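Engineer: Can you read through this structure? Questions will come right after.
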Amino acid sequence: MPRRAGQKQRALEIRALEILERLKRLYPNATCSLNYETPVQLLVATILSAQCTDERVNKVTPELFRRFPDAASMASADLAELEELVRSTGFYRNKAKNIQGACRKIVTDFGGQVPQTMEELLTLPGVARKTGNVVLAHAFGINAGVTVDTHVKRLSQRLGLTTHTEPVQIERDLMKLLPQPDWENWSIRLIYHGRAVCNARNPACDRCQLVDLCPSADPTKAALATTPALIQEPALLEP
């Protein structure tokens, strides 16, 4: 790597680590907000969370998991009943089909247990790297990558940590900048910050504690945040 490019990368790493430390202070208790008891329930909840709020998913899953608590029961469920149970999460036909397909493959190929490698998880219907990262990190404590959802994509771009638009490329950029043990909770904290402060339509740069590290900050709003007393800690929002 040319010297100038190496220096630029190192400066980016230092800035990313400072952002990480501030996010840890802002959201010390940030964790996965989906409710589940088993790895397969987390897998199902994560599939349902696509283009749907975690709050809505958590309203749907109690009855879903009561009726079908494991991979075997979901694999043999009546598809129409599955569709009805997950209807309010949106795209319910496709989600129900993928959930049942994933559970059938878990039963036939993995002995009824959710696999613990990204390569195997990606063979399941409805599972891409985002879902795989969530399941591996929160069900098994394996940080295989960085979960990139719409909030992580938007904030990573705004913070100047990536110039890419594709989630896989953004994930690769972030993995180079952050310590592996922090990969998953980085995403959760960034999601919290996106909801609490860095709103897509009207980011609150005037009360953002990352403003001095953000190349996309609104200069007018940022000027109000230069005095520490004016920087307010954002409320911790439930995802």
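Engineer: Are there any pairs, at least 6 apart or on different chains, whose C-beta atoms fall under 8 Å, with the first in segment 27-51 and on the phi > 0 side of the Ramachandran plot and the second surrounded by fewer than 19 Cβ atoms within 10 Å (Cβ to Cβ) and at pLDDT 95 or above, and if so, which?
Structural biologist: Final answer for the pair search is Gln51/Gly90; Gln51/Phe91.
Engineer: Considering only segment 1-41, state which residues are in a loop (DSSP other than H, G, I, E, B) and closer than 18 Å to Ile188 by Cβ. Walk me through it before giving the result.
Structural biologist: Narrowing segment 1-41 to residues in a loop (DSSP other than H, G, I, E, B): 1-2, 27-38.
Passing the criteria: Tyr27, Pro28, Asn29, Ala30, Thr31, Cys32, Ser33, Leu34, Asn35, Tyr36.
Engineer: Quick check on segment 73-88: of everything there that is open to solvent by less than 60 Å² (accessible area, probe 1.4 Å) and under 19 Å from Thr38 (Cβ atoms), which residue is nearest to the chain's Cα centre (by Cα)?
Structural biologist: Val86
Engineer: Quick check: is even one residue across segment 159-180 of a type in the set (D, E, K, R), in contact with a Pro (Cβ under 7 Å, 6 or more places away or on another chain) and open to solvent by 50 Å² or more (accessible area, probe 1.4 Å)? I'd like the intermediate steps shown before the answer.
Structural biologist: Initially, segment 159-180 is screened for residues of a type in the set (D, E, K, R), giving 166, 171-173, 176.
Keeping just the survivors that are in contact with a Pro (Cβ under 7 Å, 6 or more places away or on another chain) gives none.
The answer is no, given that none of the residues of segment 159-180 is of a type in the set (D, E, K, R), in contact with a Pro (Cβ under 7 Å, 6 or more places away or on another chain) and open to solvent by 50 Å² or more (accessible area, probe 1.4 Å).
Engineer: Which condition does Asn94 not pass, out of (1) open to solvent by 70 Å² or more (accessible area, probe 1.4 Å); (2) within 20 Å of Tyr36 (Cβ to Cβ); (3) free of Cβ contacts under 8 Å to residues at least 60 places away in the same chain, if it passes all the others?
Structural biologist: (2)
Engineer: Which residues, counting only those in segment 103-148, are touching a residue at least 60 places away in the same chain (Cβ under 8 Å) and of a type in the set (Ser, Thr, Tyr)?
Structural biologist: Matches in segment 103-148: Thr131 only.
Engineer: Quick one: Val107 ticks every box in (1) open to solvent by 30 Å² or more (accessible area, probe 1.4 Å); (2) within 26 Å of Tyr192 (Cβ to Cβ) bar one, so which box is it?
Structural biologist: (2)
Engineer: Identify the residue in segment 122-150 that is within 21 Å of Pro215 (Cβ to Cβ) and buried (at least 21 other Cβ atoms within 10 Å of the Cβ) and, among all such residues, is farthest from the chain's Cα centre (by Cα).
Structural biologist: Step one: filter segment 122-150 for residues within 21 Å of Pro215 (Cβ to Cβ), giving 146, 148, 150.
If we keep only those that are buried (at least 21 other Cβ atoms within 10 Å of the Cβ) as well, we get 146, 148.
Details: Val146: 8, Val148: 6 Å.
Going through the qualifying residues, I end up with Val146.
Engineer: Out of Arg189, Arg195, report the one residue that is within 22 Å of Cys32 (Cα to Cα), open to solvent by 60 Å² or more (accessible area, probe 1.4 Å), touching a residue at least 40 places away in the same chain (Cβ under 8 Å) and not polar (S, T, N, Q).
Structural biologist: Working: Arg189 fails: open to solvent by 60 Å² or more (accessible area, probe 1.4 Å).
Testing whether each residue is within 22 Å of Cys32 (Cα to Cα), open to solvent by 60 Å² or more (accessible area, probe 1.4 Å), touching a residue at least 40 places away in the same chain (Cβ under 8 Å) and not polar (S, T, N, Q) leaves just Arg195.
The values are calculated or read from the model by the stated rules, or taken from the named source; none is laboratory data. Quantities reported herein were computed from a predicted structural model and do not represent experimental measurements. All Cβ positions, glycine included, derive from the backbone under ideal geometry; neighbour counts span all protein chains shown. For the accessible areas, the whole protein counts, side chains as well, though only heavy atoms, and no ligand, DNA or RNA atoms are used. Shrake-Rupley method; radii C 1.70, N 1.55, O 1.52, S 1.80 Å.
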